[in-house]
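Written below as structure tokens is the structure these notes are about.
What follows draws every value from the coordinates through simple rules; no lab data is involved. Predicted, not measured: the structure shown is a model, and the values here were computed from it. Virtual Cβ from ideal backbone geometry, glycine too; neighbours counted across all protein chains shown.
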Amino acid sequence: MAGKPRIAIVGAGNLGSALAISLQRAGYTIDAVIAHSRGESLRKAQRLASQVGGRAWLGAPPVLNADVVWFCVPDAVIGSAAKALSAAFGPVSTKRAAKSPWKGRVALHSSGALSSDELAVLRMQGAAVASVHPMMTFVQGSRPSLLGVSFAIEGGPVAARTARTIVGDLGGEAYSIRKKNKAAYHAWGTFASPLFTALLATTERVAAVAGENRNMARRRMIPILMQTLANYASFGAGGAFSGPIVRGDVDTVQRHLQMLKTVPVARDVYLSLALAGLRYLPAKNKAALEKELRSARR
């Protein structure tokens with residue numbers, strides 16, 4: 001492709017919106033934003049298209065102008081979305097024969113767990129395909145920068161090369177991942193953000209037992225959370241670990257477990273994380289702590 005390719009975004013959810021805006025700021029033309037249905041899906045596509053200077057379409061546009069089609073839809077519908085678009089365009093007539101409209105184009109999807117094989121129907125029609133997943137969280141109302149974000153890329157060489165160029169223009173860091181490692185990769189990302197958020201929600205429940213409401217608990221936790229992340233960034237997990245387990249304080253752990261009987265889900269989380277801390281992190285008095293924790297689990 002000469003110059004920066006024109007891009008179509010399929011799906012205007014949190015990821016698709018953040019990606020389209022970042023691409024447009026990086027000098028890419030967003031040719032189309034494709035919605036799967038009327039209602040909120042189409043309205044989101046129209047809002048995003050107006051932001052990035054493209055055009056919103058319900059389903060496939062009549063002509064495929066984009067060089068890159070980027071699927072930003074839920075994992076469960078990537079295959080069906082690709083199939084729907086593959087069937088939407090007729091063959092391009094040439095002097096010699098009919099030619100697939102996907103020949104010479106690149107199709108990408110951004111699932112962290114699924115491989116580029118989800119786009120096999122487009123690959124069979126001549127498209128180069130790859131999966132390109134940013135290690136970043138996207139939620140409603142937030143448009144995170146992609147600067148410095150790692151993108152795991154897996155797929156054919158042409159699509160992977162195109163994806164690497166795009167990621168570089170976004171200021172991200174591209175690296176290769178094997179198909180067989182994608183489920184583990186996505187589980188890793190799930191621990192880093194969604195399950196971390198679940199831990200924070202559990203922490204708020206424990207704060208309630210200490211007499212704090214949710215909003216005040218969140219405000220009062222922010223400094224320690226930010227410092228913990230700063231310590232982790234500077235010193236790694238071992239250097240950031242603090243509290244009763246690293247000190248080997250069995251009595252304090254016993255008090256925690258007794259109190260947490262009033263919040264059984266939080267108690268289960270505490271036990272699992274404390275045992276993980278003993279396994280993966282430095283701690284004193286490990287044998288006594290492990291005995292106490294395993295006894296409490298029974």
Diffing segment 58-68: the Karplus 3J(HN,Hα) column from phi (6.51, -1.76, 1.60, θ = phi - 60°), in whole Hz with x for Gly and Pro, holds 8, x, 5, x, x, 10, 8, 9, 6, 7, 10
Can you compute the modelled spin-label distance between residue 276 and residue 147, with each label point 7 Å from Cα toward Cβ, in nm?
3.1
Charge dipole magnitude, Cβ of K and R +1, D and E -1 - the chain, Cα centre, debye nearest 20:
300
With Cα atoms, 0 to 90° folded angle of helix 157-170 axis to the chain main axis:
70
Rounded, prolate or oblate (a/c below 1.5 giving rounded, otherwise prolate when a/b exceeds b/c) for segment 31-141 by Cα gyration tensor
oblate
Okay, helix-only estimate at 222 nm for the chain: each DSSP H run of n ≥ 4 adds -39500 (n - 2.57), divide by all residues, round to 500 deg cm²/dmol; what do you get?
-16000 deg cm²/dmol
For segment 193-297, just say rounded, prolate or oblate: build the C-alpha gyration tensor, square-root its eigenvalues into a ≥ b ≥ c, call rounded for a/c under 1.5, and beyond that prolate if a/b exceeds b/c, oblate if not.
oblate
Among 99/179; 99/180; 180/284; 44/83; 83/103, which pairs are too far apart, with a Cα-Cα distance over 26 Å?
99/179; 99/180; 180/284
What whole-number distance in Å separates the alpha-carbon centres of segment 36-53 and segment 227-279?
45
Give me the net charge for the shell around residue 159: Cβ to Cβ below 15 angstrom, other residues only, Lys and Arg +1, Asp and Glu -1.
+2
Return the single residue from 192, 240, 87 with maximal mean-square fluctuation; model: Gaussian network over the chain, springs between Cα atoms under 10 Å.
240
Contact order relative to length for the chain, counting C-alpha pairs under 8 Å separated by 6 or more residues, stands in percent at 11
Using the Karplus curve 6.51 cos²θ - 1.76 cosθ + 1.60 with θ = phi - 60°, what ³J(HN,Hα) values do you get for each residue of segment 172-187, in whole Hz, with x for Gly and Pro?
x, 10, 8, 8, 8, 9, 7, 3, 5, 9, 5, 5, 5, 4, 6, 4
Where labels lie 7 Å past Cα in the beta-carbon direction, separation of residue 4 and residue 265 in nm
4.4
Can you tell me the orientation of helix 75-86 relative to the chain, as the angle in degrees between its alpha-carbon axis and the longest Cα principal axis, to the nearest 10?
0
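For the chain, what does the alpha-carbon gyration tensor say about shape, rounded, prolate or oblate, given a ≥ b ≥ c as the root eigenvalues, a/c under 1.5 as rounded, and a/b over b/c as prolate?
Prolate is the answer for the chain, as a/c is 1.5 or above and a/b outweighs b/c.
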In the Gaussian network model of the chain, springs joining C-alpha atoms below 10 Å, which of 175, 280, 270 carries the largest mean-square fluctuation?
280
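Over the chain, what is the percentage of antiparallel beta bridges among all DSSP beta bridges, to the nearest 5?
Values: 7 of 31 bridges.
The answer is about 25 percent antiparallel.
With both partners inside segment 7-180, how many of the DSSP beta bridges are antiparallel, as a percent to the nearest 5?
Percent antiparallel among DSSP bridges in segment 7-180 is about 25.
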What angle do you read, to the nearest 10 degrees and between 0 and 90, between the alpha-carbon axis of helix 40-52 and the longest principal axis of the chain?
80
Select from 162, 203, 228 the residue whose mean-square fluctuation is largest in a Gaussian network model of the chain (Cα-Cα springs shorter than 10 Å).
228
Which one of 184, 126, 140 has its Cα pushed farthest toward the positive end of the charge dipole of segment 79-188, where Lys and Arg give +1 and Asp and Glu give -1 at the Cβ?
126
Where nothing but the Cβ of Lys and Arg (+1) and of Asp and Glu (-1) is charged, how large is the charge dipole of segment 197-275 around its Cα centre, in debye to the nearest 20?
220
Provide the gained length on full extension for the span residue 208 to residue 124, in nm with one decimal, where the gain is 0.36 nm per separating residue minus the Cα-Cα distance.
24.6 nm
Around residue 207, under 11 Å between beta carbons, what's the net of Lys plus Arg minus Asp minus Glu among the other residues?
+3
Going by amide H atoms built from the backbone, whose H comes under 5 Å of the H on residue 172, apart from near neighbours?
148
For peptides 32-43, 252-263, 8-19, sequence by mean Cβ density within 10 Å, most packed first:
8-19, 32-43, 252-263
Taking H as built 1.01 Å from N, whose amide H comes closer than 5 Å to the amide H of residue 69, not counting residues under 5 places away?
8, 106, 107, 108
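Let me check against my output: what whole-number percent is the relative contact order of segment 175-298, with C-alpha pairs under 8 Å and at least 6 apart?
23
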